[in-house]
Amino acid sequence: MSRFVVRRIVEILVVLAVMSLVIYALIGLMPGDPVDLMIASNPHLTVADAARLKALYGLDKPLLERYAAWLGAALHGDFGYSRLYARSTLAVLIPRLGNTALLMGMSFALTLALAWPLGLLAARRPGSWFDGVANLSSFATISVPSFWLALMLILVFAVQLGWLPPGGAATIGAGGVADRADHLVLPVITLTLVNFGPQLRYMRAAMMETLHQDYIRTARAKGAGEARILTRHALRNALIPLITVVALSFGSLFSGALVTETMFAYPGMGKLIYDAVLGNDYNLALAGLLFATLMTLLANFAADLAYAAADPRIAYR
Amino acid sequence: MRRVLVVLLCLLVPAAAYAAERADELSIGISQFPATLNPLINPMVAKSYVLGLVRRPLTTYDADWKLVCMLCETLPSFANGLAQKIALPDGKTGVRLTYTLKADARWDDGTPVTGDDAVFSWQVGRNPQTGVAEAELYRRMIDVKAIDARTFTVTLDRLTFDYAALNDFEILPARIERAAFAQPAEYRIRSRYDTDPTVRGLYDGPYRITEVAPGSHIVLERNPAWGGRRPYFRRIVVWSVENTAALEANLLAGGLDMVAGELGLPLDEALAFAQRHRGAFNIIYKPGLNYEHIDLNLDDPVLADLRVRQALLYAIDRGAIGQELFAGRDPVANSFVPPLDWVYTADVPRYPYDPAKARALLDAAGWHAKGTAVRRNAAGRRLVLTLATTSGNRSRELVEEVLQSQWRDVGIAVRLKNQPARVLFGDSMIKRRFRMAMFAWSAAPEDVPRSELRSDEIPSPANNWSGENFVGWRNAEADQLLDAIETELDRAKRAVLWHRLEALYAAQLPALPLYFRADAFILPKWLAGVTPTGHEYPSTFWVEQWHAVGRGAQARAQ
Amino acid sequence: MSALAQPRVRFGGSVLLALALAVVLTPWIAQALGAHADTVDLYHRFAAPSLRHPLGTDELGRDLLLRLLAGGQVSLLVGITAALAAAVLGTAIGLVAGYFGGRLDALLMRLTDGVIALPLLPLLVVLAAADLHKLGVPAALRDSEAMSLYRIIVLVTLVGWTTVARLVRGTTLSLRQQDFVRAAEALGASHRRIMLVHILPNLATPIIVATSLAVGEIILLESVLSFLGLGVAPPLASWGNMLTGAEETIALAPMLAVYPGALIFLTVMACNLLGDGLQQALDPRRRR
């Protein structure tokens, strides 16, 4: 087991290193650079000013040289200076990380609390009207464009009914937990609905698979109660494949968070990355993307461990 | 899902919509957070707006577009002897200016602003390593000397009519900033304005910054050392709200009292807001110096023909665009000089909407139409042009689509090719890889468009792509006029030169003038004294004139 | 059992057919209304539905129905083209992985899982902002009005192939063990020949199913990127970019925001139902 853990950690580090180079190169492909942006916003800047500033910011060096310098600093915990926010990248990132974790955590818990029981019940009687409704609702939430869903929620609950704020993380001048919660309602609902469909389908498929296994028939033959069969026998076994799928869905959860945060102007990681890319804030975009990748890799790693713990037949060496 | 929603809604007690109102507090919404608070680095509107509350420039243009002293006692002039012509070693004529700082000009730690501060600021500004974005002014200042505690002289390397305007000379507190400047290359990171913005001694305006919540808000309180008129509001909080829907919601909920015009709602959204909440706010529309126009690349064989350029302008209905899209708040431009500027003249060639005239001009230029199709010339080439603008700018994209439709009516096919601002300005314009490009100039009052219009300012490999005469206008008379205007000290004579330049521009059309963009200031009914300037210097320079009138009564009535 | 007996296939198929028909008939509808999708009418902005404008007009006085149809052309074109490209790419990867197995299979499947697991949207946002000049795309292509179309197709293809690859690999793995493949091997057929002649024709079912599911996914991806201003660029209309300005006009003209999104929803739903129905109808293992 410990050898497995070490191997996976090494793997994660390798993937992270490769991704950092890929992302660094990708960001190098973005048009212009911070100084070009400054020129755009200030007509008084001359070309000579631009050349001087580029040299000052180290933008005139080749890509690999800049990457090596960046990596060296990053390994010492220095992810550089965010141009858009004029402070160290980590200082910008960490509070945002908390906001995103709050949004994603709440929404993920809510998603599972809704989708899994429904999926389980739907799998019990495939083809029933309940299964039909569950299936249709999962298809609907898979098919809805997340940004449009957010737009419609804003239209109904913020613009027309005026019940909830259309965006932001807190009311100016109000403060307090209730106010924070108010601002979380629409983003959480959006993100929950978008992830609801896939989770329901995963659960339904996994349960259908296990409900046809011999041991379930055995349990039935032995006269075990239906509830007991579902929860004790079928669910436990269905959870094993589910863990993997859930871990794999982490990346799409983050993608959903980017859209949701952008729509609701919620100060999280997703919006930060989007703003950083549009604002040519190289350091910030890079660190944000790397953090998102790291979070995904860690989620997968955690799933592997959970997988091993859940299924005694699997022994990692 | 309905059930979940209801449960969630019940769980959350709606927040108190109205924060406890304090009569002597003001909260202002702007749409961007300043990336830095250092006056010299990375100029941006958000920063100049906030710094306008806490710092005072040496000189500035006021709301009547007159040059005035803010930190200095008297504007130097040849009449009062504070300005003197001097002969420079290279044979040119320069000018030496003497400024005396006001006796009550003090930093917020109580120490006076001194001539030494001015010398230090000049050293920081002219050092190529400090990361000062706009170095032109500091290059012109060839010497700054402290005469006594309050007096210093500035020597400029040329004599222009606006010699006394040192609006962008940012005076820094030498005592505090000198340590950060010890290593000039590190200055932009170590400046106390960014590392420790609430430290006493950085601000010489009516307010001082007492709290900075990055990305969210900046709190300002009265500067006890301020020697000028005592400002009405005890506390001002400037909130950055990037999402315009959230900006509006906070305004309605009372979290924000006002939205800045310099950096708030785009005009079209402000108009929509005004329509929905008629009467709840004072909304001031101030047309400004943002000159929206379409640069035409004169080296393009099609656009080199003046008749084609005139036809392009006759074919578009600028009046209707301004009226329908911007509720008539954006005045139509006839040249690059806005009606508010004292050098403006209405006596220039004009191009009212006249599709018939446009068609006739195109026929005369050899572009013939058959039915409704795109025009062709004798060689069979189709009259196809491309128009670029900054992508993501909603107003411009809308206007662009209107223009495309109107040009199609006279047989000109225009393809739209929008680019992010950084590509358009950072590459396409500088390298002159465009045919038509829509964007705006923003400038100071009576700003001489030398680098935009003079023939030696055309970017090319030979001059290392410097200059902003992107259109490639080569007009000997315009060159002479630009030179003459810069050095003509007599106002009446200068006005004549300006009027000739405007008429020449409108006759030759190196660019298609569209309109001057207006800013929308959304103010509460009880706030008085806010005067939009219409130029690049913010209304916050006069914050001590802002005050509340009958605020409590208004709040109760709502 | 015919696939058409499946109610999902019937529903999804007919919705898609109806949309395709409407899009194809656009020129005639435009003629009947006497308007053009790009014709601006500043004096009739935000007009209410009328005989002349069945769905009203947008913020520039353009006919909304015609705009929606023009947007549909682009959205469907991008969706179908990119799905086909993704199907080709995914089939190639899945086939090679399933046929050769071993380390190559492990590597390719690791890659597939990696692409699925990554936070794709943030990466796509960076890719979509890439400077074509720096990538060495020729100027003539870069400046063409349809460049944003090509770019978005390439982008979504790059991430849309995974569904096809996994399904194809699974089927290939089981086909590999079948007698007719072993017989061909024994007769000395080359790997290429076995893959292309013996296995590929048997992959039709998973490819069709996965492609119809991918179309929906790809249309969603296109719409969100276009909405964020990184996909299909104006003046080309797509359902996604028609919503870009909707946030600002939503209080004045909510229907401008409702229609394009509803059409995306309907199309993607139809694709998903079609794909799922086909899977159930064509795949005997899943029929229960």
Name the residues in the stretch A:159-197 that are touching a helix residue (DSSP H, G or I) at 6+ places or on another chain (Cβ under 7 Å), closer than 18 Å to C:A257 by Cα and either more than 7 Å from chain B (Cβ to nearest Cβ) or free of Cβ contacts under 8 Å to residues at least 12 places away in the same chain (or both), would you? A:L186, A:T190
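Can we say C:V268 is modelled with pLDDT of 90 or more and out of contact with any Gly (no Cβ under 7 Å at 6 or more places or on another chain)?
no
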Within the stretch B:383-416, the residues that are of a type in the set (A, V, I, L, M, F, W, C) and part of a helix (DSSP H, G or I) are B:L398, B:V399, B:V402, B:L403, B:W407
What single numbered condition from (1) within 14 Å of chain B (Cβ to nearest Cβ); (2) farther than 24 Å from B:A246 by Cα fails to hold for A:P267? (2)
Those residues of the stretch C:214-255 which are surrounded by fewer than 23 Cβ atoms within 10 Å (Cβ to Cβ) and outside any loop (DSSP other than H, G, I, E, B), in sequence order: C:E248, C:T249, C:P254, C:M255
Would it be correct to say that B:T244 is more than 29 Å from B:A440 (Cβ to Cβ), of a type in the set (S, T, N, Q) and assigned by TED's automatic domain parsing to the domain that holds B:A548? no
Is it the case, given these coordinates, that A:L84 is of a type outside the set (K, R), farther than 30 Å from B:I458 by Cα and buried (at least 16 other Cβ atoms within 10 Å of the Cβ)? yes
Cβ contacts < 8 Å: first residue farther than 20 Å from A:T293 by Cβ, restricted to the stretch A:239-255; second residue of a type in the set (S, T, Y), any location; separation 6+ or different chain. Result? A:I240/A:Y307; A:L242/A:Y202; A:I243/A:Y307
Would the stretch B:210-219 turn up any residue that is surrounded by fewer than 19 Cβ atoms within 10 Å (Cβ to Cβ), of a type in the set (D, E) and in a helix (DSSP H, G or I)? no
So which residues in the stretch C:229-248 are at negative phi and within 7 Å of another protein chain (Cβ to nearest Cβ)? C:A233, C:P234, C:P235, C:L243, C:G245, C:A246, C:E247, C:E248
Kindly indicate whether B:D295 is closer than 28 Å to B:M429 by Cβ, surrounded by fewer than 23 Cβ atoms within 10 Å (Cβ to Cβ) and assigned by TED's automatic domain parsing to the domain that holds B:L385. no
Residue satisfying all of: in the stretch A:212-257; farther than 21 Å from A:L114 by Cβ and aliphatic (A, V, I, L, M); nearest to the other protein chains (Cβ to nearest Cβ) among these: A:I216
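From the list C:V164, C:V224, exactly one residue is more than 12 Å from chain A (Cβ to nearest Cβ) and in contact (Cβ under 8 Å) with a residue 24 or more places away in the chain. Which is it?
C:V164
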When the stretch B:179-197 is examined, which residues are found to be small (G, A, S) and more than 28 Å from the chain's Cα centre (by Cα)? B:A179, B:A180, B:A182, B:A185
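Residue-wise test of (1) in contact with a helix residue (DSSP H, G or I) (Cβ under 6 Å, 6 or more places away or on another chain); (2) more than 30 Å from B:T151 (Cβ to Cβ); (3) outside the structural domain of B:Q545 (by TED's automatic domain parsing).
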| site | (1), (2), (3) |
| --- | --- |
| B:E25 | no, yes, no |
| B:G29 | yes, yes, no |
| B:N38 | yes, no, no |
| B:S48 | no, no, no |
| B:K66 | no, no, yes |
| B:P76 | no, no, yes |
| B:Q84 | no, no, yes |
Log entry, pairs with first residue in the stretch B:469-490 being assigned to a loop (DSSP other than H, G, I, E, B), second being among the hydroxyl-bearing types (S, T, Y), beta carbons closer than 6 Å, six or more apart or on different chains, reads B:R474/B:S455
Which one of B:T540, B:T533 is among the polar types (S, T, N, Q), crowded, with 24+ Cβ neighbours inside 10 Å and at pLDDT 95 or above? B:T540
Scanning the stretch C:14-42 for residues that are outside any helix (DSSP H, G or I) and buried (at least 16 other Cβ atoms within 10 Å of the Cβ) gives C:A35, C:H36, C:A37, C:D38, C:T39, C:V40, C:D41
Filtered residues of the stretch A:28-74 (kept if part of a loop (DSSP other than H, G, I, E, B), at pLDDT below 70 and facing another protein chain (nearest Cβ under 7 Å)): A:P31, A:G32, A:N42, A:P43, A:H44, A:L45, A:T46
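Evaluate the stretch B:514-521: report whether one residue or more is surrounded by fewer than 18 Cβ atoms within 10 Å (Cβ to Cβ) and in contact with a helix residue (DSSP H, G or I) (Cβ under 8 Å, 6 or more places away or on another chain).
no
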Can you tell me how many residues in the stretch A:123-165 are of a type in the set (G, A, S), at pLDDT below 90 and assigned to a helix (DSSP H, G or I)? 3
Step by step: first the residues of the stretch B:299-326, then only those that are free of Cβ contacts under 8 Å to residues at least 60 places away in the same chain and part of a loop (DSSP other than H, G, I, E, B), then the one that is farthest from the other protein chains (Cβ to nearest Cβ). Which residue is that? B:A304
Can you pull out the residues in the stretch B:417-435 that are modelled with pLDDT under 85, surrounded by fewer than 19 Cβ atoms within 10 Å (Cβ to Cβ) and not in a helix (DSSP H, G or I)? B:K431
Look at the stretch B:221-275 and say how many of its residues are away from every other protein chain (no Cβ under 12 Å) and either among the basic types (K, R) or closer than 16 Å to A:A169 by Cα (or both). 4
Write out, first by first residue and then by second, each pair whose Cβ atoms fall under 9 Å of each other, whose residues are 6+ apart or on separate chains, and whose first residue, in the stretch C:253-282, is farther than 15 Å from A:S143 by Cα while the second is surrounded by fewer than 23 Cβ atoms within 10 Å (Cβ to Cβ) and among the β-branched types (V, I, T). C:P254/A:V159; C:L256/C:T249; C:A257/C:T249; C:L278/C:T205; C:L278/C:I208; C:Q279/C:T205; C:L282/C:T205; C:L282/C:I208
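Conditions tested, residue by residue: (1) in contact with a Ser or Thr (Cβ under 8 Å, 6 or more places away or on another chain); (2) away from chain A (no Cβ under 14 Å); (3) buried (at least 19 other Cβ atoms within 10 Å of the Cβ).
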{"position": "C:G94", "(1), (2), (3)": "yes, yes, yes"}
{"position": "C:R110", "(1), (2), (3)": "no, no, no"}
{"position": "C:V125", "(1), (2), (3)": "no, no, yes"}
{"position": "C:L132", "(1), (2), (3)": "no, no, no"}
{"position": "C:G136", "(1), (2), (3)": "no, no, no"}
{"position": "C:L141", "(1), (2), (3)": "no, yes, no"}
{"position": "C:M147", "(1), (2), (3)": "no, no, no"}
{"position": "C:R151", "(1), (2), (3)": "no, no, yes"}
{"position": "C:T157", "(1), (2), (3)": "no, yes, yes"}
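Just a yes or no: is a residue in the stretch B:339-349 of a type outside the set (D, E, K, R) and more than 18 Å from B:A503 (Cα to Cα)?
No: zero hits.
The values are calculated or read from the model by the stated rules, or taken from the named source; none is laboratory data. Source: prediction; values computed, not measured. Reconstructed Cβ throughout: ideal geometry from the backbone, glycine too, with neighbour counts over all protein chains shown.
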